[in-house]
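Here is the structure we will look at, set down as structure tokens.
The values are calculated or read from the model by the stated rules, or taken from the named source; none is laboratory data. As the structure is a prediction and not an experimental result, all values here were calculated from the model. Ideal geometry is used to build each Cβ from the backbone, glycine not excepted, and the neighbour counts take in all protein chains shown. Ligands, DNA and RNA are stripped out before the accessible areas are found, and what is left, the full protein with its side chains, is counted by its heavy atoms. Shrake-Rupley method; radii C 1.70, N 1.55, O 1.52, S 1.80 Å.
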Amino acid sequence: MSGAAQPGTGAGTGTGTAQPLFDGPDWTFELLSEVHDAIQEIALEDLGLNVYPNQIEIISAEQMLDAYSCVGMPLMYQHWSFGKQFVRDEHNYRKGLTGLAYEIVVNSNPCISYNMEENTMALQTLVMAHAAFGHNHFFKNNYLFRNWTDASGINDYLAFAKNFIACCEERYGVDQVEVILDAAHALQDHGVFRYGRPPKPTEVELKAMQRQREGYESQQSILDLWADQVLGGDETEADEGEVGKNRRQSALNLPQENILYFLEKHSPVLEPWQREVIRIVRYLAQYLYPQKQTKVMNEGCATFVHYYIINKLHDRGLVTPGAFLEMVHSHTNVILQPGFDDPRFSGLNPYALGFEMMQDICRICVDPTEEDREWFPDIAGCKDWRRVLRDAWANYRDESFILQFLSPALIRKLRLFVITDVAEHPNLVVSQIHDPRGYRDVRRILARSYDLAYLEPDIQVVDADLRGDRELKLRHTVHDGIVLDEKNCEEVLRYLKALWGYEVSLTGVDRDLDEVIYSATTRDQN
Amino acid sequence: MHHFIDRRPNPAGKSLGNRQRFLRRARHHIKDIVDKSVRERSVSGRNSRELAQGERVTIPVKGIKEPRLVHSNQGGMRQRVFPGNKEFVVGDSFPRPKSGQGGGGKKASEDGEGEDGFSFSLTREEYLEMLFEGLELPDLVKKNLIETKTISYRRAGITTAGTPSNLNLLRTMRNSLGRRIALQRPSLSKFNALKARIEELEALEAPCDDEFAELEELRQQLGRLERKRKVVGFIDPVDLRFDTHLPEIVLNSKAVVFCLMDVSGSMQEREKDLAKRFFILLNLFLERCYEHTEIVFVCHTQHAREVDEDTFFYSRETGGTVVSSALTEMLKIIKDRYPTDEWNIYGAQASDGENFGNDSEKCQQLLQHQLLPLCQYYAYVEILSESDEVLMNDPEQGADLWQACLRVKKRWPSFEMQRVCSPADIYPVFRALFAPRTAAAVAP
């Protein structure tokens, strides 16, 4: 089989040894290490990737199920919702309804990837190229991850969180902790800062911090505090009306989109430990937020990298044709994109879309058509696709990536079309298809469907009169007339009330018309 | 710069804490399902073995929901991009599909969390824990079980020699086929085709030279084939494979549980349900200790007879109540079918405590002198009606039968008796019945 040692068909002739690295399905740690080094050479020297050091852990199926239920984290605090996830996954796996992933990778430094023990050597190779280099590079270089996550600190933070919550359970009881966690989980999608860093402390807070630093120097300052709190100062009158609202808003940093942050800082009823629990949930939500925004890019990057690497390995004669076929087989399964009318269809496959787009960028760089030159004048024919891709991986998220790079050629290839659904009309309408008039709209609408700011409801805390009835007022800015799911909303507001301690109300205001469409409140529910 | 870590030896069950928290959270729902499953479950046979494997439960999602602030999937204006357009052009329209939005093949409840329920599997231990309201199933009688030794045969692989009755046909034929292919044994069809051609040629009245030569050639070929078919036999001694079995001494082999119940008119649905729970527990418990358990159901009015499970629990009979008839029947069955040197015999009797006339005295005699010497253990459960609940606290008081049993109990430590009034009593009673005793106390 190995026969005539091919003198490398591709570019990698110089470095290639024509001896395959492995032959047969079984893996050993020595073999894994050798293959890792071969992959690393291609990844770093050829593709020019920049990765965290790798820590590759081999786990069993059961441990994979464990990892599933902890949102892929190496450590996690304990909560029933993870148990729910676990029993469901376990049930489905044991009954043969679903398979398990080949790997899970954690955005940390060193980059931890979990590989399944039952993978064959060929699959381990594929998985290493995919996770340990593709995802790893993306985590280290993409601006969202760089700005918002602390890869080297996450493991310590998780350990802290797990211990802290375990201590709280011991001290205050599992039920007490569960109440706070349930409520915080319900709001975790609204526990992230979408557009900027946490707001700067207000003047009042700065003063308070100052006082704290001074250690309550004089009896007088405590007395002042007490007097302010109890007697309410003499500004009570001024709090009425618009002026009062403005004052409150600036004191509380309102409006605030990060509801958990607001509760943590300003809830009148929470104990310090409860605030810390909320902070943990908020912190993890923020840590995972970039991943939600880069599904297509992240998977596309990893898939593109593994595909390039396995081809290079094959060109250099480092893998046997059999192993190569096995890897290509898995690869094609991963990037399968059934059409909308296929029974297997369940939306656009992020692996497929990302991979196709990146392949398409290569094509545009190397072999552009007239159309490409018109659409992408800055990259068409520039030849250096490696730089273009690295730049894209570093500086875009799904939405902006699609908006920037989805080409008419690919829209035609995937035969994308847009269906518009207006509630008042009985019929659905095909509004755009893959033709010159539709390219821009298809691209814009597809990009927007990956924009979390559009997908997740825009809800902000707008007012809370701490000296009045203390009702927490939320405002949902309604886009395109899409309101909140009523049942869910009702339940979440109840959780919110538990954390805030007083009544909570929500009004949905249409963005364009600026009029109230609906409202919900926790009042009169008992 | 990389390193590999083998995590496989790490302790398993990292999710145990989460799992327990989930079960705790959903306890209320799961308990309902488990209780219901007991009611519908049969005591013996397939279902109870299923129970040993763990239990699939589906609970309503209410109570374990994780609400989020999400968009409603109805109303408003939406646009969605789909792949794989075939014939649509701009402006095409079609009615909105009934399920889901957007006209695609999007399935409802992708995450398996539809409106109907949430399915998962409980392990056997979790199931039993739920069943017994969070109490541990104690490891009780196990030590006291008297182990009988028997010899059984265990499969021990394949050998090349053995008696024809142990011939493993599948393996043998597989070898035979492989050998025939490898040695190119001529197939019968090829052989027959050749023969037919020869016959055809022989039938010719005046064969020409060519045909004559062909005939000669074919005859020789036929001869070679025949020889080869003889040399390479259809089955050769080297193909033969035999199953082997090794004798093994087996302990704890067999137990039989006699479920005795009064089915006269006074035993209503409630009483039977309580009795059934008790019998299920007993059977589950014994199944853990013995490799093989059998259950014999004996029901009685003034006559006793052996019945199948359905009849036992669901038949309605009328008549008087003569408890001793059941005991006599049990004795008879033991004598007929269950020799005491092979079988561990357990008796469990449920009754509402009524008995005819001076029959209780007879029962006492039967138990003391005939039955108890044969049994490992005998449990008597008296099911009180709701109005008699006061008796629960007063074990000395009771009707004839209870008094008789009290007398038996004084003499025989392997005899236990308890009273039950509501489903919640069953488990504590069960535990009391099977409270640990020293091995010496067990009757020989």
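When residue A:481 is tested against (1) at pLDDT below 90; (2) open to solvent by 50 Å² or more (accessible area, probe 1.4 Å), just one condition goes unmet, and that condition is (2).
Is there a residue being assigned to a helix (DSSP H, G or I) and assigned by TED's automatic domain parsing to the domain that holds residue A:316 anywhere in region A:71-80? Checked against the condition, which is being assigned to a helix (DSSP H, G or I) and assigned by TED's automatic domain parsing to the domain that holds residue A:316, region A:71-80 yields at least one hit. Contact map, region A:15-32: first residue more than 10 Å from residue A:124 (Cβ to Cβ), second residue charged (D, E, K, R) and modelled with pLDDT under 90, Cβ cut-off under 9 Å, separation 6 or more or different chains; pairs are A:29/B:6.
For region B:362-405, filtering for residues that are under 24 Å from residue B:273 (Cα atoms) and open to solvent by less than 80 Å² (accessible area, probe 1.4 Å) leaves 19. Per the listing B:351, B:315, B:325, the residue uniquely under 19 Å from residue B:274 (Cα atoms), touching a strand residue (DSSP E or B) at 6+ places or on another chain (Cβ under 9 Å) and surrounded by 15 or more Cβ atoms within 10 Å (Cβ to Cβ) is B:351. When region B:75-90 is limited to residues that are within 7 Å of another protein chain (Cβ to nearest Cβ) and part of a loop (DSSP other than H, G, I, E, B), the one that is surrounded by the most Cβ atoms within 10 Å (Cβ to Cβ) turns out to be B:83. Taking region B:166-182 as the range and being in contact (Cβ under 8 Å) with a residue 24 or more places away in the chain and open to solvent by 90 Å² or more (accessible area, probe 1.4 Å) as the test, only B:171 passes. Is it the case that some residue within region A:120-135 is in a loop (DSSP other than H, G, I, E, B), on the phi < 0 side of the Ramachandran plot, open to solvent by 10 Å² or more (accessible area, probe 1.4 Å) and in contact (Cβ under 8 Å) with a residue 24 or more places away in the chain? Yes, some residue in region A:120-135 is in a loop (DSSP other than H, G, I, E, B), on the phi < 0 side of the Ramachandran plot, open to solvent by 10 Å² or more (accessible area, probe 1.4 Å) and in contact (Cβ under 8 Å) with a residue 24 or more places away in the chain. Residues that are farther than 21 Å from residue B:381 by Cβ, in a loop (DSSP other than H, G, I, E, B) and of a type in the set (Ser, Thr, Tyr) are absent from region B:291-301 altogether. When we screen A:441, A:463 for residues that are open to solvent by less than 50 Å² (accessible area, probe 1.4 Å), over 21 Å from the mean Cα position of the chain (by Cα) and more than 30 Å from residue A:248 (Cβ to Cβ), the only hit is A:441.
Exactly one of these conditions fails for residue A:134: (1) within 13 Å of chain B (Cβ to nearest Cβ); (2) out of contact with any Lys or Arg (no Cβ under 9 Å at 6 or more places or on another chain); (3) under 30 Å from residue A:23 (Cβ atoms). Give me its number. With respect to (1) within 13 Å of chain B (Cβ to nearest Cβ); (2) out of contact with any Lys or Arg (no Cβ under 9 Å at 6 or more places or on another chain); (3) under 30 Å from residue A:23 (Cβ atoms), residue A:134 is out only on (1). Those helices (runs of 4 or more DSSP H) of region A:317-386 in which 3 or more residues are under 31 Å from the mean Cα position of the chain (by Cα) and on the phi < 0 side of the Ramachandran plot occupy A:321-334, A:350-366.
Each row is one residue, and each column tells you yes or no for (1) at pLDDT below 70; (2) among the hydrophobic types (A, V, I, L, M, F, W, C); (3) outside any helix (DSSP H, G or I); (4) out of contact with any Leu (no Cβ under 8 Å at 6 or more places or on another chain).
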{"position": "A:144", "(1), (2), (3), (4)": "no, yes, no, yes"}
{"position": "A:161", "(1), (2), (3), (4)": "no, yes, no, no"}
{"position": "A:164", "(1), (2), (3), (4)": "no, yes, no, yes"}
{"position": "A:170", "(1), (2), (3), (4)": "no, no, no, yes"}
{"position": "A:184", "(1), (2), (3), (4)": "no, yes, no, no"}
{"position": "A:201", "(1), (2), (3), (4)": "yes, no, yes, yes"}
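Looking for something within 10 Å of another protein chain (Cβ to nearest Cβ) and either modelled with pLDDT of 60 or more or surrounded by 13 or more Cβ atoms within 10 Å (Cβ to Cβ) (or both) - is there at least one such residue anywhere in region B:25-46? Yes, region B:25-46 contains a residue that is within 10 Å of another protein chain (Cβ to nearest Cβ) and either modelled with pLDDT of 60 or more or surrounded by 13 or more Cβ atoms within 10 Å (Cβ to Cβ) (or both).
Just one of the listed residues (A:454, A:495, A:450) is at pLDDT below 90, within 14 Å of chain B (Cβ to nearest Cβ) and open to solvent by 20 Å² or more (accessible area, probe 1.4 Å), and it is A:454.
Total residues in region A:345-360 satisfying the condition of being within 8 Å of chain B (Cβ to nearest Cβ) and farther than 16 Å from residue A:442 by Cβ: the figure is 2. Restricting attention to region A:406-423 and to residues that are at the interface with chain B (Cβ under 9 Å from one of its Cβ atoms) and free of Cβ contacts under 8 Å to residues at least 60 places away in the same chain, the residue that is farthest from residue B:91 (Cα to Cα) turns out to be A:423.
Among residues of region B:272-296 being modelled with pLDDT of 80 or more and open to solvent by 10 Å² or more (accessible area, probe 1.4 Å), the one that is farthest from residue B:422 (Cα to Cα) is B:294. Of all residues in region A:76-114, those satisfying the criterion of being open to solvent by less than 20 Å² (accessible area, probe 1.4 Å), of a type in the set (S, T, N, Q) and more than 9 Å from chain B (Cβ to nearest Cβ) are A:107, A:108, A:113.
Residue selection: residue A:48 satisfies the criterion of being surrounded by fewer than 15 Cβ atoms within 10 Å (Cβ to Cβ), more than 10 Å from chain B (Cβ to nearest Cβ) and touching a residue at least 24 places away in the same chain (Cβ under 8 Å). The condition of being within 19 Å of residue B:399 (Cβ to Cβ), in the same structural domain as residue B:399 (by TED's automatic domain parsing) and at pLDDT 75 or above holds for only one of B:262, B:336, that being B:262.
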